[in-house]
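Laboratory data are not the source of any read-out in this text; all were calculated from the coordinates shown. This is a predicted model, so every value here is computed, not measured. Reconstructed Cβ throughout: ideal geometry from the backbone, glycine too, with neighbour counts over all protein chains shown.
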Amino acid sequence: MEFTVRELNETDYESILVKWWKDWRWTPPPKDFLPDNAKGGFIVYDKDVPVCAGYIYVTNSKVGWCDWIISNIEYKDRKKRKKALSFLVNMLSHTLKLSGCKYGYALLKHDSLIKTYEENGYIKADTYNAEMMKLL
């Protein structure tokens, strides 16, 4: 296999992911916004180099949500990064299925990531204009 994957651990957020989000000029989500349950997130490696990561949310419905996909901007092989992202989306989707989900759901803005999801069997449901959240 070209890539390896492991579950995200407690230190990955600060030691890897925050930098990746900032490198891409994205605001990192607060740590407590992300799942902390077992199999809530995964990171993909090319040998010992981390390439990309993402999270899943499993609900009490048949819907599982894939989100917060991010990649290592310093990983310069774009072709292999695309393959790693596809591997990750497939892994997240498979984990949702094993968790009892019937539907995989994702809100996406970036064309290249949309294409990666489409290549992994996702279809466009709708477009959206705003991402809304409220601190309760």
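Arrange the following residues from fewest to most other Cβ atoms within 10 Å of their Cβ: Phe42, Phe33.
By the 10 Å Cβ count, ascending: Phe33, Phe42.
What are the ³J(HN,Hα) values, in whole Hz, obtained from phi via the Karplus relation 6.51 cos²θ - 1.76 cosθ + 1.60 with θ = phi - 60°, for each residue of the range 86-91 in sequence order, with x given for Gly and Pro?
Result, ordered by residue: 5, 4, 5, 4, 5, 5 Hz.
For the range 19-41 and the range 68-136, what is the centre-to-centre distance using only Cα atoms, to the nearest Å?
14
Summing Lys, Arg as +1 and Asp, Glu as -1, what charge do residues with Cβ under 13 Å from the Cβ of Val63 carry, Val63 excluded?
+2
So who's got an amide H within less than 5 Å of the one on Ile69, skipping anything under 5 residues away but keeping other chains? H placed 1.01 Å off N, in plane.
Tyr55
Apply the Karplus curve 6.51 cos²θ - 1.76 cosθ + 1.60, θ = phi - 60°, to the phi angles in the range 26-32 and return the couplings in whole Hz, x for Gly and Pro.
For the range 26-32, the Karplus-derived couplings read 9, 7, x, x, x, 4, 7 Hz, x marking Gly and Pro.
So what's the net charge close to Met91: Lys and Arg +1, Asp and Glu -1, counting the other residues with Cβ under 12 Å from its Cβ?
After counting each charged neighbour, the total is +2.
Taking only the C-alpha atoms, wrap a convex hull around the range 4-119 and report its volume per residue in Å³ as a whole number.
104
Can you list residues whose amide H is under 5 Å from Leu8's amide H, if they're 5+ apart or on another chain and H is modeled 1.01 Å from N?
Those qualifying (amide H under 5 Å, at least 5 residues apart or on another chain) are Gly41, Phe42, Ile43.
Please give the contour-minus-distance gain from Lys31 to Lys47: 0.36 nm per residue of separation, less the Cα-Cα distance, rounded to one decimal in nm.
3.1 nm
Using just the helices of the chain, give the 222 nm mean residue ellipticity in deg cm²/dmol: DSSP H runs with n ≥ 4 each add -39,500 (n - 2.57), and the total is spread over all residues, rounded to 500.
Calculated at 222 nm, the ellipticity per residue is -8000 deg cm²/dmol.
Using the number of other C-beta atoms within 10 angstrom as an exposure proxy, rank Ile56, Ile114, Ile70, Ile16 with the fewest first.
With the sparsest Cβ surroundings first, the list reads Ile114, Ile16, Ile70, Ile56.
Taking K and R as +1 and D and E as -1, what net charge do the other residues with C-beta under 13 Å from the C-beta of Lys39 add up to?
For residues surrounding Lys39, the net value is 0.
Within the range 86-119, whose backbone N sits under 11 Å from a point 7 Å along Cα→Cβ of Glu131?
Flagged as within label range: 107-110.
Given +1 on the Cβ of Lys and Arg, -1 on the Cβ of Asp and Glu, and no further charges, what dipole in debye does the chain carry about its Cα centre, rounded to the nearest 20?
380
Using r as the Cβ-Cβ distance of Lys39 and Lys115, and R0 as 25 Å, what FRET efficiency do you calculate, to the nearest 0.05?
Given R0 = 25 Å and the Cβ-Cβ separation, E is 0.45.
Rounded to the nearest whole Å³, what is the per residue volume of the convex hull around the Cα atoms of the range 48-93?
Details: hull volume 3.1 nm³, N = 46.
With only Cα atoms used, the range 48-93 gives 67 Å³ per residue.
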